[in-house]
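Just below is one structure, and these are the notes that go with it.
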Amino acid sequence: MLAAPLAAPLMLAACGDDSTVGSAAPTAGGSTLPPAGTDGPSPGTTPPGAIDHPTGADDVVLWIGYEGGFVPVEIAFQHLPALLVTGDGRVVQQGPQIEIHPGPLLPNLQQRTITEGGVQELLALAAEHGLFEAGDYEGPEATVADAAHTVVRISANGTTIEHRAYALDIDPDVTGSEDRARLAAFVERATDLQTAVDADALGAEEPYEADSYRIRATVVTDDSGYEIEPTVVDWPSTASVRLADAVECAVVPADEAAPVFTGATQLTWFRDGDVTYQVAVVPSLPGESC
């Protein structure tokens, strides 16, 4: 049976705020949107009169996700964006998760292409909701404990602005804040791509194939208390990263780790030398590193 991924895990963080990187916050600038579904400018280029944005494969134009919260560090390590749009015209989102126990070790990440017209629609939506300017996102810290921050990062017109709101998914306008309500409305709309952009702007979904994985290895000191006995497999002896060096975070090439990660479950452990480890794994995404 398939279930949609959780919208936001419960996470710990402080009060919400905004920050910008660059000389000035971007503005909509009366942009003209190229029609979706036409030849128009190719992905990775910005047409004249449109909202300017970075166009590289490793550049992040829009990132929406959740950070912090009262969860084990391994769970926090594996956080994934609800929506990621890259400069070269790709969209990455989480796909449905199989409801089995233990579940797959690797998440079901899906990617698709998005035309420049679709990117412009998302940026225009952000401008419409006032997200090219800082907002006041003071939240219910006094009444809601251990919740997550909703985070939106937008890179456009030569700058990056970050919006960060505590417990937004729990109570978007607890203080009567119009800024919180606008941010919540944007997140809901933008993450539903089928309604946020023209249907012709989106390509077909396909599995996201990472060039590398970020891993965090924890030594197993107690193997009791499991209803299902964990499976132990050998860590590749030829891998460039030893698990003893990944106790915080390390990056391992996909061609080295994919053979043991594919088919592994949340109860697959890895033996490296004489030590057994439980490994948290996240496919490497643009804009994210150890």
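The values are calculated or read from the model by the stated rules, or taken from the named source; none is laboratory data. Just so it is clear, the structure is predicted and the values come from calculations on it, not from any experiment. Backbone-built Cβ (ideal geometry, glycine too); neighbour counts: all protein chains shown.
Taking residue 113 as meeting all but one of (1) β-branched (Val, Ile, Thr); (2) assigned to a loop (DSSP other than H, G, I, E, B); (3) in contact with a Gly (Cβ under 8 Å, 6 or more places away or on another chain), write down the number of the exception.
The number of the failed condition is (2).
Between 226, 213, 208, 277, which is farther than 26 Å from residue 92 by Cα and surrounded by 18 or more Cβ atoms within 10 Å (Cβ to Cβ)?
Unique residue meeting the criteria: 277.
Residue-wise test of (1) farther than 25 Å from residue 79 by Cα; (2) out of contact with any Lys or Arg (no Cβ under 9 Å at 6 or more places or on another chain); (3) among the aromatic types (Phe, Trp, Tyr).
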position: 193; (1), (2), (3): no, no, no
position: 201; (1), (2), (3): yes, yes, no
position: 206; (1), (2), (3): no, no, no
position: 211; (1), (2), (3): no, yes, no
position: 224; (1), (2), (3): yes, yes, no
position: 237; (1), (2), (3): yes, yes, no
position: 249; (1), (2), (3): no, no, no
position: 253; (1), (2), (3): no, yes, no
position: 257; (1), (2), (3): no, yes, no
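Only residues in segment 56-72 that are closer than 16 Å to residue 120 by Cα count as the first member; pair them with residues that are in a strand (DSSP E or B), Cβ under 6 angstrom, at least 6 apart or cross-chain, and list the lot.
The qualifying pairs are 61/85; 61/155; 62/85; 62/154; 63/84; 63/153.
Kindly evaluate residue 116 against the criterion of being surrounded by fewer than 18 Cβ atoms within 10 Å (Cβ to Cβ), of a type in the set (Asp, Glu) and more than 30 Å from residue 263 (Cβ to Cβ).
When the stated conditions are applied, residue 116 does not pass them.
Take the residues in segment 178-194 that are in contact with a helix residue (DSSP H, G or I) (Cβ under 9 Å, 6 or more places away or on another chain) and not basic (Lys, Arg), then tell me which one is surrounded by the fewest Cβ atoms within 10 Å (Cβ to Cβ).
Here the answer is 193.
Can you confirm whether residue 161 is hydrophobic (A, V, I, L, M, F, W, C), within 27 Å of residue 49 (Cβ to Cβ), touching a Lys or Arg at 6+ places or on another chain (Cβ under 8 Å) and assigned by TED's automatic domain parsing to the domain that holds residue 77?
In short, yes.
State all residues of segment 268-290 that are among the hydrophobic types (A, V, I, L, M, F, W, C) and either closer than 15 Å to residue 216 by Cα or at pLDDT below 95 (or both); if no residue qualifies, say none.
Once the filter is applied, which keeps residues that are among the hydrophobic types (A, V, I, L, M, F, W, C) and either closer than 15 Å to residue 216 by Cα or at pLDDT below 95 (or both), segment 268-290 yields 269, 270, 275, 279, 280, 281, 282, 290.
Listed residues 91, 144; which is in a strand (DSSP E or B) and out of contact with any helix residue (DSSP H, G or I) (no Cβ under 6 Å at 6 or more places or on another chain)?
Of 91, 144, the one residue that is in a strand (DSSP E or B) and out of contact with any helix residue (DSSP H, G or I) (no Cβ under 6 Å at 6 or more places or on another chain) is 91.
Out of curiosity, is residue 288 part of a loop (DSSP other than H, G, I, E, B), under 25 Å from residue 110 (Cα atoms) and under 21 Å from the mean Cα position of the chain (by Cα)?
The answer is yes for residue 288.
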